[in-house]
């Protein structure tokens, strides 16, 4: 998968959803009194005494807007009261880098945030912005790297498992869980397939491993086509794979059929389903929306009628296959690498519009409270000495 697929390069129309909650911790960007903080010479901060400044994306602007008047711009907000510690200051984060890996579903969100972050830090530090590398090892593969100490942040399309957390703990790695968005798993078929809706019982029958597992669509329902079924799905290290094992009714990933063509790259699933009349696969809602011209997204029925996966139905929990998405920053990276804390706060400050524009489902009020609590925990971490 290339990190700059179309989904990753959409413009972001940003607002600071949780900006008011960040005052308890370090600002997203900070500069000492007297530092220049400019974006195209348009945003210049005067001396602010012992206060610090935070970067937020100007609403209505985008890195990728075709309209020159809406090109990316940043505003700098003065923060008074509790001053930021030195390790959070962007002026001390020159030439820093951040290593992120994990869920391919979360990668579009992280990459969009990273591109804005890199652009914004250029305006603080001059020639070079902070470099953020985003990998797609899958949620499980990402946690393996994370718990070995190889990455600063792990993207996840499910909560960390107790077994994974235990490995991290054994290696002396602590972390903070931060919800960033929601996602619905979409079930897609070839566009020539006449099926529009499946009950969850039919989904389970289709995907659960069994000696009588259907090989043709008509094996599930006699009125359906006698076309041979071709399964496509997420790689076994993917959080999408884990989630689908549960959400499909199969009883966990171990019970999913083993005859599916799997890949950590959701674009492989798109191509597979698009190229086979009997093809069926699953991935995040954003991919389904992005590839509506290539595959058909099915409605699902868990007993109350057929429900289309949309932002409203996922956030309202009426769509049967929904899930939260997370990032897990390593606490030692938050303490020792000033850029990591700045990136996390930047992501959190602009999280709603990043998720909106990347076609993910925004956080609920309850989840925003959890995010706020996570930021408070980060602010309370021990500070690097020296």
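The values are calculated or read from the model by the stated rules, or taken from the named source; none is laboratory data. Predicted, not measured: the structure shown is a model, and the values here were computed from it. Because the Cβ atoms are built from the backbone with ideal geometry, glycine has one as well, and the counts that use them run over all protein chains shown.
When each of 166, 201, 170, 209 is tested for being modelled with pLDDT of 95 or more, more than 26 Å from the chain's Cα centre (by Cα) and assigned by TED's automatic domain parsing to the domain that holds residue 341, the lone residue that passes is 170.
Entry remark, the stretch 330-374: residues being assigned to a helix (DSSP H, G or I) and touching a residue at least 12 places away in the same chain (Cβ under 8 Å) number 31 in total.
With respect to residue 202, determine if the residue is out of contact with any helix residue (DSSP H, G or I) (no Cβ under 6 Å at 6 or more places or on another chain) and in contact (Cβ under 8 Å) with a residue 24 or more places away in the chain.
No: the conditions fail for residue 202.
Restricting to the stretch 212-248, name every residue that is crowded, with 19+ Cβ neighbours inside 10 Å, modelled with pLDDT under 95 and assigned to a loop (DSSP other than H, G, I, E, B). Listed by number, the residues that qualify are 235, 237, 238, 248. Find the residue count for the stretch 280-299, including only residues that are surrounded by fewer than 23 Cβ atoms within 10 Å (Cβ to Cβ) and part of a strand (DSSP E or B). Going through the stretch 280-299 one residue at a time, the tally reaches 3.
Among the residues of this structure, residue 137 does not count as one that is closer than 22 Å to residue 314 by Cβ, not in a strand (DSSP E or B) and not assigned by TED's automatic domain parsing to the domain that holds residue 237.
Can you pull out every residue in the stretch 304-318 that is modelled with pLDDT of 95 or more and either out of contact with any helix residue (DSSP H, G or I) (no Cβ under 6 Å at 6 or more places or on another chain) or outside the structural domain of residue 290 (by TED's automatic domain parsing) (or both)? Result: 305, 306, 308.
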